[in-house]
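The values are calculated or read from the model by the stated rules, or taken from the named source; none is laboratory data. Computed from a prediction, not measured in an experiment: that's the story for all the values here. When we count neighbours, we look across all protein chains shown, and the Cβ atoms used for this are built from the backbone with ideal geometry, even at glycine.
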Amino acid sequence: MSQFAELTLEGKTYQLPVLEGTEGEKAIDINKLRDLTGYITLDSGYKNTGATKSAITFLDGELGILHYRGYPIEELAEKSTFLEVAYLLIYGDLPNKEEFFDFENNIKRRTMVNEDIHKIYDGFPVNAHPMGVMSALASALAVFYPGSISAHPKKDYDVVDLQIKRLLAKMPTLAAWAYKNSQGHPVNYPKNKYSYIENFLYMMFAVPAEDYEQVPEVVDALDKLLILHADHEQNCSTSTVRLVGSSHVSLYSAVSAGISSLWGPLHGGANQEVIEMLERIKDDGGNVDKYVAKAKDKNDDFRLMGFGHRVYKNFDPRAKIIKKACDNVLSKLGVHDPMLDIAKKLEEAALTDDYFVERKLYPNVDFYSGIIYRALGIPTNMFTVMFALGRLPGWIAQWKEMREEDQPIGRPRQIYTGAVNRAYVPMEQR
Ligand code: CMC
């Protein structure tokens, strides 16, 4: 491969370095472009722009491949656990027994949250969306632990490592409490005899003074779902975490921004929208073709939620695993969900329709996940929170990598298209 790309502008030719990643991905390095030429590049939505080099996650959207630190997602989903995957993403390698024991114990010891944070819940309306609550509370952690702002993951290793463990430990507590608060129910305090996933389920669903029985199928399914969501390289929320973190705010503030970004219906918020869409189709008589036609109609704002992806143009490997897991969980729990029938019909109709085929629109991770969450008893407004709990290790790993490499503050440029040099006219003369 040539080591330079040639660019000719206004009769002058420039050589720009060419890079290749370990999986053969190619890039033209334009770091010096403006200094050399006076030009910038324009790429709305960053469809062709690599914002960073990264050693965390590899995905090939054409081939439907997703690897965390070199391990295929299929293998991790089958053999690993969410906490082990979190360790892998954040520290780079799978932990040995002692490393994992230490990691898990450190997290277990930090699952409680300050009682003053508990009081903040009272200030939210009962019907507050848990994603809004989560974003606010993640941000609140930055003021409850103020000494940690701008800590550097290499120079202040222990400080940052504590932030990482605090976040992993407290987010499930904050999430379960957001749900309890939305129900007007008393919260359950964490019980550290439980595993990470069991503890979350306990805090979500245990009724005071009654025994709480863990259902292994539910624990396994949730563990798998969180693994599948754990990282996805430079997606919208992760790029947000990196961009916000690049100004050296604390990890808590960067994660809070990531949660806000994830909430949107084009990103993680799609999992809630999918179930609401399936319910709408069911209530409307189950006419799948009508909704496929609406999605194709350019005069109609309706989109098939859970379909399409910026980078997957073949299939989303996570969706494949989730679809299978969905069938398994429903049959193990003996649940028949009419939403699954509608979802399968919709998938079939869309995958045979030219509009979807030509645009390479396939079901994404959010299409079937909501059906599993329903079967596990997770309420609809908590679906995106589940995504956030899963994505947390990815946000942390990407933030850590960005700060360890001392990447510069993120600050894109623009092409100005507004008015030029207007003279101010006093108000009474306008
Ligand atoms: N239903 C109908 N048409 C669609 C859909 C859809 N879900 N998605 C894309 N299209 C059409 C779009 O109208 C456009 O058509 P045309 O070329 O005629 O203008 C073409 O496909 C390309 O779409 P785009 O919006 O330019 O693609 P994008 O890469 O900017 O957007 C997306 C990707 C995920 C935002 C989009 O596919 C979408 O809105 N999907 C529904 C929301 C959703 O499921 N989001 C979750 C994504 S997966 C979880 C995550 O990682 O965030």
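Results, tabulated for the structure shown:
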item: Segment 393-415 residues that are farther than 18 Å from Q163 by Cα, paired with ones that are assigned to a helix (DSSP H, G or I) (beta carbon under 8 Å, 6 or more apart); result: Q407/R242; G410/R242; G410/L243; R413/R34
item: Selection status of A254, touching a residue at least 40 places away in the same chain (Cβ under 8 Å), more than 16 Å from the ligand (Cβ to nearest atom) and aliphatic (A, V, I, L, M); result: yes
item: Residue in segment 36-92 that is surrounded by the most Cβ atoms within 10 Å (Cβ to Cβ), counting only those that are among the polar types (S, T, N, Q) and closer than 30 Å to Y157 by Cα; result: T57
item: Qualifying residue in segment 356-375 (condition: surrounded by fewer than 14 Cβ atoms within 10 Å (Cβ to Cβ) and touching a residue at least 40 places away in the same chain (Cβ under 8 Å)); result: yes
item: Residues of segment 257-275 classified as surrounded by 24 or more Cβ atoms within 10 Å (Cβ to Cβ) and either assigned to a helix (DSSP H, G or I) or not assigned by TED's automatic domain parsing to the domain that holds P393 (or both), total; result: 7
item: Within segment 306-326, considering residues that are surrounded by 15 or more Cβ atoms within 10 Å (Cβ to Cβ) and either outside the structural domain of A295 (by TED's automatic domain parsing) or out of contact with any Gly (no Cβ under 9 Å at 6 or more places or on another chain) (or both), the one nearest to L66 (Cα to Cα); result: R318
item: Unique residue being among the β-branched types (V, I, T), surrounded by fewer than 23 Cβ atoms within 10 Å (Cβ to Cβ) and touching a Gly at 6+ places or on another chain (Cβ under 9 Å) when the list is V207, V215, V219, V244; result: V244
item: Residues of segment 213-248 that turn out to be over 12 Å from the mean Cα position of the chain (by Cα), part of a loop (DSSP other than H, G, I, E, B) and at pLDDT 95 or above, as a count; result: 3
item: Residues (under 16 Å from L392 (Cα atoms) and without any contact (Cβ under 8 Å) to a residue 40 or more places away in the chain) located in segment 128-152; result: none
item: Any hit, segment 329-337, residues being surrounded by fewer than 21 Cβ atoms within 10 Å (Cβ to Cβ), among the β-branched types (V, I, T) and at pLDDT 90 or above; result: no
item: Residue selected from segment 96-122 under the condition basic (K, R) and in a helix (DSSP H, G or I), by the criterion modelled with the lowest pLDDT; result: K119
item: Among residues of segment 99-127, those that are acidic (D, E) and in contact (Cβ under 8 Å) with a residue 60 or more places away in the chain, counted; result: 1
item: 3 or more residues of a type in the set (D, E, K, R), assigned by TED's automatic domain parsing to the domain that holds I396 and closer than 18 Å to S237 by Cα: qualifying helices (runs of 4 or more DSSP H) within segment 30-95; result: none
item: Residue within segment 279-286 that is closer than 29 Å to E75 by Cα and outside the structural domain of S44 (by TED's automatic domain parsing) present; result: no
item: Extreme residue, surrounded by the most Cβ atoms within 10 Å (Cβ to Cβ), among residues of segment 1-23 that are assigned to a loop (DSSP other than H, G, I, E, B) and at pLDDT 95 or above; result: G21
item: Residue check, V143 part of a helix (DSSP H, G or I), in the same structural domain as M203 (by TED's automatic domain parsing), farther than 21 Å from S239 by Cβ and more than 17 Å from the chain's Cα centre (by Cα); result: yes
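Here is a yes/no grid of residues against (1) among the aliphatic types (A, V, I, L, M); (2) more than 22 Å from G61 (Cβ to Cβ); (3) away from the ligand (no atom under 12 Å from the Cβ):
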residue: K193; (1), (2), (3): no, yes, yes
residue: Y212; (1), (2), (3): no, yes, yes
residue: L222; (1), (2), (3): yes, yes, yes
residue: W263; (1), (2), (3): no, yes, no
residue: L278; (1), (2), (3): yes, yes, yes
residue: D283; (1), (2), (3): no, yes, yes
residue: V288; (1), (2), (3): yes, yes, yes
